[in-house]
Amino acid sequence: LSEAQANTLRKMMVAMSHDIRVIVIKLADRLHNMRTLMALREDRRIFKAKETMEIYAPLANRLGMSSIKWELEDLAFFYLEPAKYQQIQKMVNETRKTREAYLDDVLTILRAELDSVGLENAKVYGRPKHLYSIYQKMQSRVKDFSEVYDLIGMRIIVDTVPECYSSLGAVHNLWHPIPGRFKDYIAMPKYNMYQSLHTTVIGPAGRPLEIQIRTADMHRFNEYGIA
């Protein structure tokens with residue numbers, strides 16, 4: 001961090017110790033700034049984007065505000081790595097029809113299985129992947145786009161914690177789980193109090209399928225955190 005950025009961070013930490021609402025407002029203000037960043041000179045856009053990636057997005061994550069974190073990261077990514085951003089966006093758009101057809105098939109199978117075990121009220125839908133998260137996976141796992149995007153995401157929202165585990169049983173009854181890819185963040189929440197069950201299974205056509213399972217209350221907190 002530069003001295004100016006470190007000073008900004010120190011000021012926010014002091015403000016947070018007095019009233020957490022100050023930080024929520026700061027994050028909302030930064031999100032608005034990032035949405036209108038095109039109006040600034042290029043050097044200021046780069047500075048703001050770096051600051052957002054290094055300070056504001058991690059802070060939003062720390063406070064459990066994942067919906068803001070993801071948008072801040074994608075907006076910063078757009079300005080910091082424009083060519084890579086456009087490349088990944090293009091590949092996402094090109095595979096959308098195939099991906100949506102596959103998710104429709106998965107949804108039909110999963111919906112029938114959940115209904116058969118008495119979970120008719122469960123909500124099931126596809127989970128969109130953010131461009132920056134795809135880029136991170138490509139970088140950290142040294143994979144190309146086709147390998148990363150084969151990990152298609154689904155989310156199951158239920159009413160109670162016991163229904164979360166019942167849904168997990170239904171998923172594993174349908175498809176074999178991939179060893180080492182199950183995480184119980186309900187029993188052991190993340191440091192920012194994020195709660196959910198995560199599993200990756202071998203879905204239809206032998207394709208890896210990521211599934212998150214949580215209650216509606218967990219989902220609301222996971223999206224907006226302390227806000």
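What the table below lists for this structure:
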{"quantity": "For the range 1-125: relative contact order, % (alpha-carbon pairs under 8 angstrom, 6 or more apart)", "calculated": "18"}
{"quantity": "Check: the chain dipole with +1 on Lys, Arg Cβ and -1 on Asp, Glu Cβ, in debye", "calculated": "700"}
{"quantity": "Most positive-pole-ward Cα, Gly153, Leu9, Thr95, against dipole of the chain from beta carbon charges", "calculated": "Leu9"}
{"quantity": "The chain - percent of accessible surface contributed by carbon and sulfur, probe 1.4 Å", "calculated": "56"}
{"quantity": "CD proxy at 222 nm, helix term only [per DSSP H run n ≥ 4: -39500 (n - 2.57); per residue of the chain; nearest 500]", "calculated": "-18500 deg cm²/dmol"}
{"quantity": "Relative contact order (percent, whole number), the chain, Cα cutoff 8 Å, 6+ residue spacing", "calculated": "20"}
{"quantity": "Average accessible area per residue (Å²) across the chain - probe 1.4 Å, nucleic acids and ligands excluded", "calculated": "54"}
{"quantity": "C-alpha long axis of helix 131-140 to longest principal axis of the chain, angle in °", "calculated": "80"}
{"quantity": "Degrees separating the helix 66-80 axis from the principal Cα axis of the chain, which is the longest one", "calculated": "60"}
{"quantity": "Charged-residue dipole, Cβ positions (Lys, Arg, Asp, Glu), the range 63-183 about Cα centre, Debye nearest 20", "calculated": "380"}
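The values are calculated or read from the model by the stated rules, or taken from the named source; none is laboratory data. All values derive from a computational prediction rather than experimental measurement. Positions of Cβ are generated from backbone atoms using ideal geometry, with glycine treated the same way; all protein chains shown enter the neighbour counts. Heavy atoms of the whole protein, side chains included, go into the accessibility calculation; ligands, DNA and RNA do not. Shrake-Rupley method; radii C 1.70, N 1.55, O 1.52, S 1.80 Å.
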